[in-house]
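Let me begin by presenting the structure, written as structure tokens, before commenting on it.
Values quoted throughout were computed directly from the atomic coordinates according to the rules given, and no laboratory measurement underlies them. Model, not experiment: these values are computed from the prediction. FYI the Cβ positions are ideal-geometry reconstructions off the backbone, even for glycines, and counts take in every protein chain you see.
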Protein chains: 4
Amino acid sequence: MIIVMKRHAPEETIQRVIDEIEKAGMQPVPLIGTERTVIAIIGDERGLDEAHFRSLPHVSTVMPVLRPYKLASRETKHESTIIRVGNVEIGGQTIAMMAGPCSVENEDQIEESTRGVKALGANILRGGAFKPRTGPYAFQGLGREGIDLLSAAGKRHDMVTVSEIMDVRDVEFTASKIDILQIGARNMQNFDLLKEVGRLQNPILLKRGMSATIKEFLLAAEYILAQGNPNVILCERGIRTFEDETRNTLCIATVPIVKELSHLPIIVDPSHGTGKVQLIPPMAKAAIAAGADGIMVEVHPNPDVALSDADQALDLERFGALMNELGPITHAVNRTLPND
Amino acid sequence: MIIVMKRHAPEETIQRVIDEIEKAGMQPVPLIGTERTVIAIIGDERGLDEAHFRSLPHVSTVMPVLRPYKLASRETKHESTIIRVGNVEIGGQTIAMMAGPCSVENEDQIEESTRGVKALGANILRGGAFKPRTGPYAFQGLGREGIDLLSAAGKRHDMVTVSEIMDVRDVEFTASKIDILQIGARNMQNFDLLKEVGRLQNPILLKRGMSATIKEFLLAAEYILAQGNPNVILCERGIRTFEDETRNTLCIATVPIVKELSHLPIIVDPSHGTGKVQLIPPMAKAAIAAGADGIMVEVHPNPDVALSDADQALDLERFGALMNELGPITHAVNRTLPND
Amino acid sequence: MIIVMKRHAPEETIQRVIDEIEKAGMQPVPLIGTERTVIAIIGDERGLDEAHFRSLPHVSTVMPVLRPYKLASRETKHESTIIRVGNVEIGGQTIAMMAGPCSVENEDQIEESTRGVKALGANILRGGAFKPRTGPYAFQGLGREGIDLLSAAGKRHDMVTVSEIMDVRDVEFTASKIDILQIGARNMQNFDLLKEVGRLQNPILLKRGMSATIKEFLLAAEYILAQGNPNVILCERGIRTFEDETRNTLCIATVPIVKELSHLPIIVDPSHGTGKVQLIPPMAKAAIAAGADGIMVEVHPNPDVALSDADQALDLERFGALMNELGPITHAVNRTLPND
Amino acid sequence: MIIVMKRHAPEETIQRVIDEIEKAGMQPVPLIGTERTVIAIIGDERGLDEAHFRSLPHVSTVMPVLRPYKLASRETKHESTIIRVGNVEIGGQTIAMMAGPCSVENEDQIEESTRGVKALGANILRGGAFKPRTGPYAFQGLGREGIDLLSAAGKRHDMVTVSEIMDVRDVEFTASKIDILQIGARNMQNFDLLKEVGRLQNPILLKRGMSATIKEFLLAAEYILAQGNPNVILCERGIRTFEDETRNTLCIATVPIVKELSHLPIIVDPSHGTGKVQLIPPMAKAAIAAGADGIMVEVHPNPDVALSDADQALDLERFGALMNELGPITHAVNRTLPND
């Protein structure tokens, strides 16, 4: 950590900072410059409280040198993490293809969806039961009944399942039925929920918050890892910007940045990331070209009767076309699709 | 709602939209333009699903005419809501002054804080027990013990109390001890938590999410109102932008915008809104000048030993100076301070 | 255009809007709703002034139906524009590879750069002579001398050249020496400069402004097209967001969105778009996978002595490696590289 | 400047950084930490090129310690700058009130506007002649004829005038007729224009760019100051964010931040900052409460026939009401209005 004092900071305020650093067991190195004094700290700064130093008298700025996450960092664990669940690997050679409806609506719909996406090459079945909806009057999902329907469909078709949870009281129930639990963008900093899923061993699909920096995204993963669950899959799904042609700005650069900073696998969700059906194929291709470990897309057998997010779901025909388009790109980066 | 069809949309796709509108019990009005067809809907569109219409073939855009919240809207309830709790009113003639430490740390600290802020004119005591921290290794608050300490301090000094909750499992306990429950920015769209506090009668202080639009902010309030709790206090605390001189960009315009759109009271938090002690006084003055119903500030008897957010807390001397500065501004907008 | 009146708007204010529409030669269609009146306008609304209608008494909102650009729109010209300059096509089957140093520094440096990038497969030579620098004390480029050096290098090696202009007084000089004139992100809304280059026939490479919406981006192109120059190449180079791991947030979705809305070619600049050398290859691959017509990258024979933007330039070895990586992706989307 | 090396950086790369620092005439101080080496630089780092050091092998990050502007900095000039023009001071005790129409439209309109705003207490007359319009088909202003009309109106009524310039070729003409030249938000980084007005002695009103950080804003001022013109007035006019209830997010905190970092006066433009007439009064009050040195508002004798930005202009009655509301706030912060 580097502490920059204000110009003309009195001697005793500089001494105070030095004393506080020593008290914390670190070694301070004061650098007396022509314009101001800077105090460098030697040692693992992650035990120090930045805000505390920032609040000391005549301190101008405090600049951390190390990144604040440890377990999520590639410096801590150099080799990439591969998460295995059922017969599927995420983060390995094969691109994970997660597909299914935004919401589980009824048995027929989830059955038709599952059969369809499996036949076309998806290896993980998604479906929402607890739905985070912006307004209270929108369809809120089938809840536990939806979890049961999704779980049954996954079992019938031997597919790994993934579904979102929002309430700590649903964690245990859902974890017993569904393979991968998803933490949605709105809950990326719901720290009690992160801690709760950190106590499981199910893989956790953690979506980036709408206004989360990559540092905060990895710190949210760190919450889960710190509780003992090493199976975190990151998911870029777009951030909020001023641009209004798309629902969110899907930040493809997150993929190589996360690959550099962390050992965790990362996938991309072009459905929520754009909010427009016609942008899903080009953005899915871009994601794989940039190194993503998987793609999550909304597929509905009949999007124009869907109960939620109808405008960003592919029908089965379009999902088949997408799989066909993804083949050559996937091979161009020396990876494989589940149905290769 | 206005539905704009794509140029050269086939006749049958236009008819499909018209049929769907009629099926939903509304009246469609097709307008055949020179470049494209537009279909207006007469009736209360809030029962319709925008996304569904957007997903229909050859639909270009869907534009809602009405705002999606009802109970929070000033059109539904014209007179401004005044929330009464203990001997305090929020949204009335007197500016609510909420002050106290970021975190409750121990009995001495909360006692000294309470005595201090009360003597200087605050009428509501704030203090954090459940702390949302970006990283898992930072101090997470005293939890229920902190709630007990805050509650006791409030009782001893006859002050209304406010504290944040994050976990649905803490709602009942906290509501029985603390007057006003706060939903923090990170939980503004934690919908299960919103529903849970919507079943209480305690006033709820709802902070704006870091990347929430004002529409989403009012929809989050609507979640609480829709469950039967009419006592929602809104709080602007800054949004996330590219600017890095401040922790957040405190959006003062939210105050008059919310006053126009909603009947609910709105306060401003310049501590989190800026993250810098020296910006709290000018921004608190700006907030009151713009019509805010209250101010929430972090005050710590000894900020440079605080366990959290030390760099944005006023000491008691500075809080006293702030109260003195706020007097003339408050009177200039024909309102009063609690200690007038 | 759709004009939504406020609830309870008096009859005469509605009539006023209707009169104004008729005065402008359009046909108003009033729709009397249960909650408010909406007035639709039939006719080409692009002649109407939105702001004027918004300012009329008791008007709530004004929603345009048509997009405000015409010449740039794919509705006006359906087939994609291919721009031919020298022996190069932009927007056709072959990906345009623009490479060269951030700044032209001296004859040796530009000679070495040109020889290097040409041998490795670039078909357009870039080099900055007029440099927009955030601070006045940074190297501002060689100016017209730099233009002469770039022009000579292009001629020696038979390469098409591109360079940025910032000052209307340099347009004529530069246009006589350089093939493609670049308008940088900071000047995307320098309307006098847009008009000036609109009077040329040289192709114009128009970069997206740091906070420009895609609508504004296409309107800036419209300024050039409206003056008679049809040769506009768009360039996505990142927008400004809260994320600080990269200099800008490179918005790959701009590529398919622009392809849908406009007939103009679009390329991507991953150097400025990320500001980090190691992110250039994955983002260049993502851009081509998403359908970009070209890539612009900074290449310097010796980046660590470069006079500007040293941290985002590839050396020749890395540029060669990039070209090798781009091959399979380019072929996967059925396109070719210049050196195929 | 602080240079952080990557973990396990080879000894020779550390030595290279040290050598480069010494070559630049500064003193390097290497700090060998447990996890990585940090090299601090003692001396005035503003002569160093951050990007160069960032491009050296095995450098992880480069953190500047000093702010990059000098002449604009309050560290360089401690007392606040007061700019005197005609009988008006900007930055002194009296709030500058700049008012007038968005565009100068004709002699009658500007005469009526001038008479009106002067009578109600404005001391500076604004009016646009060169108009930056997002699209090429909108009214572009009267150009030099507008400058002549504004100049004449100012002379007739003995008012200081301010008008925007966009093209370097109009600088000399406009500077000879108009007192204060305005650089608009879109041209804040039009560096040739900044240099050109830096050679004048007319005060320059510099508006913050839509996505400019405060650092970049002050660096733009530095461009003008570095050419020899010390008379720069800064103007906050809102930044671009995701919020869509207002045209821009007016960042009131800019006022106290700029006051801390710089000696230059700063005013606020609530017309462009919000884009909504009804938000002008609360935001003007907030600006003055926060310490702004002036307010710029659009006033039109008859907004609903205005040729541009009609929806954000006050009529004379509303401007009079605003002046009445501003009185008590201005006095509460111990300042005066021009008509006090």
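Please compute the average number of Cβ atoms from other chains found within 10 Å of each residue's Cβ in peptide B:275-283. Write down the numbers at each step before the final one.
Working: counts 2, 5, 2, 4, 7, 1, 4, 12, 7.
The shielding value for this peptide is 5.
In the neighborhood of residue A:153, defined by Cβ-to-Cβ distances under 14 Å, what is the net charge if each Lys or Arg adds +1 and each Asp or Glu adds -1? Once positives and negatives cancel, what remains is -3. With the convex hull drawn over the C-alpha atoms of region A:83-139, the volume per residue is 109 Å³. Compactness of region C:1-119 is given as radius of gyration and Dmax, 25.9, 76 Å, from Cα positions. Residue-wise HN-Hα couplings along region B:61-66, as the Karplus relation 6.51 cos²θ - 1.76 cosθ + 1.60 with θ = phi - 60° gives them from phi, are 9, 10, 10, x, 9, 8 Hz; Gly and Pro carry x. Calculated over the protein assembly as shown, the projected area of the Cα convex hull averaged across directions stands at 45.0 nm². When residue C:10 is represented by a point 7 angstrom out along its Cα-to-C-beta vector, the spacings to that point in the other copies are 5.1, 6.6, 8.3 nm, nearest first.
Peptide D:218-228 has a mean shielding of 2, counted as Cβ atoms of other protein chains within 10 Å of each residue's Cβ.
Among all helices in chain C defined by DSSP H, which have a length of 15 Å or more along the axis from Cα atoms plus a Kyte-Doolittle mean of at least 1.0?
Values: long enough: C:11-23 (18 Å, -0.95); C:107-120 (20 Å, -0.96); C:144-156 (18 Å, -0.45); C:214-226 (18 Å, 1.26); C:316-332 (25 Å, 0.17).
What comes out of the filter, once short or polar helices are dropped, is C:214-226.
As a test, work out the antiparallel percent of DSSP beta bridges whose residues both lie in region D:83-332, rounded to the nearest 5.
Details: 4 of 30 bridges.
For region D:83-332, the DSSP antiparallel bridge percentage is about 15.
In percent, rounded to a whole number, the relative contact order of chain D is 16, using alpha-carbon pairs under 8 Å and six or more apart.
With the alpha-carbon atoms as the only input, what is the per residue convex hull volume for region C:83-332 in Å³?
Details: hull volume 28.7 nm³, N = 250.
Considering the Cα atoms of region C:83-332, their hull volume per residue is 115 Å³.
Rounded to the nearest 20 debye, the dipole size of region B:2-63 about its Cα centre is 220 debye, using +1 on the Cβ of Lys and Arg and -1 on the Cβ of Asp and Glu. Count Lys and Arg as plus one, Asp and Glu as minus one, and take only other residues whose Cβ is under 10 Å from that of residue C:190; the net charge is then -2. Counting only lysines at least 8 places from residue D:259 when in the same chain, those with an alpha carbon closer than 20 Å to its own are A:6, B:276, B:285, D:70, D:77, D:207, D:215, D:285. Antiparallel versus total DSSP beta bridges in the protein assembly as shown: what percent is that, nearest 5? The answer is about 40 percent antiparallel. Across every pair of non-identical alpha carbons in region D:131-229, the mean reciprocal distance, once inverted, gives a Kirkwood radius of 14.0 Å.
Hey, what number do you get for chain A at 222 nm if only DSSP H runs of n ≥ 4 count, each worth -39500 (n - 2.57), divided across all residues, to the nearest 500? Intermediate results must be reported in sequence, preceding the final value.
Working: 11 runs with 114 residues, N = 340.
About -10000 deg cm²/dmol.
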